[in-house]
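Report on the structure given below.
Throughout, read-outs are computed from the coordinates displayed, never taken from laboratory work. From a predicted model like this one, the values you see are computed outputs, not experimental measurements. FYI the Cβ positions are ideal-geometry reconstructions off the backbone, even for glycines, and counts take in every protein chain you see.
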Amino acid sequence: MAERIQVPRGTHDVLPEDAARRAVVEAEANRILGGAGFRRIETPAFEATELFARGVGESTDIVQKEMYTFDDGGGRSVTLRPEGTAPVCRAYLEHGMHKHPQPVKLWYFSPFYRREAPQLGRQRAFWQIGAETIGSADPAVDAELIVLLSELYEALHVGHVTLRLSSLGTPETRRDYREELSIYLRANAERLSEDVRARIDLNPMRAWDSDDQGTREVMRTAPRLLDRLGGEDAEHFARVLDLLGTAGIAYEVDPTLVRGLDYYTRTVFEFTSEALGAQSGVGGGGRYDGLIEQIGGTLTPGCGWATGVERILLASGGQPTAEPPVDLFVALAKEEMRVEGFRIVTEARRAGLNAQIELAGRSLKGQLKQANRIAARWTAILGDEGATLRDMETGDEEVVAPEAVIARLQRGERSL
Ligand code: HAM
């Protein structure tokens with residue numbers, strides 16, 4: 001036998017049980033986001049590498065080591081999308097959406113790719129639901145997005161979520177702060193982890209993210225960005241917090257919150273769930289007022305979030321999902337009834353009923369067992385004497401002509 005080929009490391013198949021649960025997640029996202037005026041967008045699975053290099057940021061882990069980048073065969077470098085915000089902003093620009101009434105609200109349910117070390121909740125190919133509101137700097141945009149994500153978690157029974165948020169201010173505040181932080185880190189360099197030390201110039205903010213004991217101690221007395229915000233940024237953040245309070249959303253202000261992407265300005269936030277293991281981040285996002293300019297547009301504010309579909313499923317503790325109900329199972333008392341059965345099942349489907357027919361050559365007893373297994377509401381047993389219609393809930397039976405099965409069911413369905 002030839003060697004079996006397996007799914008690539010860090011990827012998984014979505015099997016039918018899973019697909020049903022994911023369909024519920026997608027439907028809830030559609031209900032909640034669609035209801036708030038978000039419209040669906042889908043961008044390509046790969047983009048020009050430059051989009052992520054400029055958008056996500058050269059110094060991020062994503063761009064430095066996690067992207068699947070390849071030559072498209074024509075000398076152009078393309079990358080499987082590691083995230084959705086830069087592509088959505090690219091599409092906003094490319095399709096002149098700045099001419100639409102602002103803000104433009106978009107959402108997606110799509111696969112993304114990052115070459116990360118796989119573990120529970122961390123995959124190399126994973127799905128995100130994302131929402132982006134582009135073209136308004138109003139703090140109500142930030143608050144609305146956060147409330148909607150919180151509602152999505154509630155609707156999907158994502159357990160024990162905590163919301164942490166912070167503000168990164170403007171790029172200028174951040175630049176000054178980075179300088180201040182670098183000086184502080186350099187002064188304490190010998191107590192920092194090697195990794196953090198190596199990145200003092202490239203990305204000193206990463207020090208906040210470190211698990212290293214020495215680094216954590218150094219960070220305890222480090223200057224905090226939240227204390228350095230300018231007047232308007234502080235006002236913006238206070239408004240966001242106010243609105244969250246109005247909406248009854250519990251939150252924790254966490255000045256140490258850093259996100260793994262460079263485009264954020266002002267508000268950043270993250271939802272974690274205790275139901276997850278080490279990869280406890282279930283969703284996150286923030287404002288990215290400079291991103292569109294960075295990828296070639298005019299200065300346009302934006303804010304959004306993304307949440308991992310697999311992490312939602314892990315954290316929602318295997319909520320059962322209903323398979324579509326089966327109205328009719330067509331059983332054959334003998335194989336000669338196959339053609340008649342095929343006609344009935346086809347007609348039933350055309351009449352809008354969910355119908356299935358025996359396809360595995362089971363005995364009649366086996367077929368009735370199968371009808372029970374799929375919880376069929378009715379079974380039509382086709383035999384010499386016609387069609388015996390069995391009500392699978394009561395066990396009542398009634399013999400009708402094969403061509404009368406659908407009409408009889410429709411009457412029966414109505415009287416239920
Ligand atoms: P992110 O924090 O990198 O943000 O990812 C958002 C969510 O995607 C995470 O909270 C997690 O649930 C899921 N996720 C990320 N990486 C993986 C992985 N390797 N395996 C499984 N799930 C994963 C962004 O992607 C930003 N684009 C969010 C955003 C939108 N900011 C503004 N707008």
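The figures follow:
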{"read-out": "Order of V218, V253, V405 - criterion: other Cβ atoms within 10 Å of each residue's Cβ, fewest first", "value": "V253, V218, V405"}
{"read-out": "C-alpha center-to-center spacing [the range 226-246, the range 48-92] in angstrom", "value": "32"}
{"read-out": "Extended-chain gain in nm, criterion 0.36 nm per residue less alpha-carbon gap, D71 and E274", "value": "69.0 nm"}
{"read-out": "Solution diffusion estimate, µm²/s, Stokes-Einstein, the range 215-326, Kirkwood Rh from C-alpha pairs, 20 °C, viscosity 1.002 mPa s", "value": "127"}
{"read-out": "Per-pair calculated FRET efficiency, R0 = 35 Å: A2 and D209 via Cβ, rounded to 0.05", "value": "0.20"}
{"read-out": "Whichever aspartates and glutamates have a C-alpha closer than 16 Å to that of K65, once near sequence neighbours (fewer than 8 apart) are set aside", "value": "E50, E83, E116, D195, D262"}
{"read-out": "Largest to smallest principal axis extent of the C-alpha atoms in the chain, angstrom", "value": "92, 57, 45"}
{"read-out": "Derived scalar couplings ³J(HN,Hα) [the range 284-301; Karplus, 6.51 cos²θ - 1.76 cosθ + 1.60; whole Hz; x for Gly, Pro]", "value": "x, x, x, 8, 9, 5, x, 5, 5, 5, 5, 9, x, x, 8, 4, 9, x"}
{"read-out": "Net charge of Cβ neighbours under 13 Å - reference A117; Lys, Arg +1; Asp, Glu -1", "value": "+3"}
{"read-out": "Fraction of beta bridges assigned by DSSP in the range 311-416 that are antiparallel (%, nearest 5)", "value": "55"}
{"read-out": "Equivalent ellipsoid dimensions for the range 328-375 as semi-axes, Å, which come from the Cα gyration tensor, largest first", "value": "18, 14, 6"}
{"read-out": "Percent antiparallel among DSSP beta bridges (both partners in the range 146-276, rounded to 5)", "value": "80"}
{"read-out": "Taking Y108, Y113, Y264, Y68 and counting other C-beta atoms within 10 Å, the order from fewest to most", "value": "Y68, Y113, Y108, Y264"}
{"read-out": "Counting DSSP beta bridges with both ends in the chain, the antiparallel % (nearest 5)", "value": "80"}
{"read-out": "Estimated FRET transfer efficiency (A375, H100; beta-carbon r; R0 60 Å; 0.05)", "value": "0.80"}
{"read-out": "Fewest-first sequence of Y263, Y288 by Cβ atoms within 10 Å of each Cβ", "value": "Y263, Y288"}
{"read-out": "Karplus 3J(HN,Hα) series, Hz, for the range 383-390 with 6.51 cos²θ - 1.76 cosθ + 1.60 (x for Gly, Pro)", "value": "x, 4, 8, x, 9, 8, 8, 10"}
{"read-out": "Debye equation applied to the C-alpha atoms of the range 157-205, log10 I(q)/I(0) at 0.15, 0.21 Å⁻¹", "value": "-0.54, -0.75"}
{"read-out": "FRET E, pair R411, E50, Förster distance 60 Å, beta-carbon r, rounded to 0.05", "value": "0.40"}
{"read-out": "For the chain: relative contact order, % (alpha-carbon pairs under 8 angstrom, 6 or more apart)", "value": "16"}
{"read-out": "Rg ratio (alpha-carbon, reference 2.2 N^0.38 Å) - the range 1-144", "value": "1.20"}
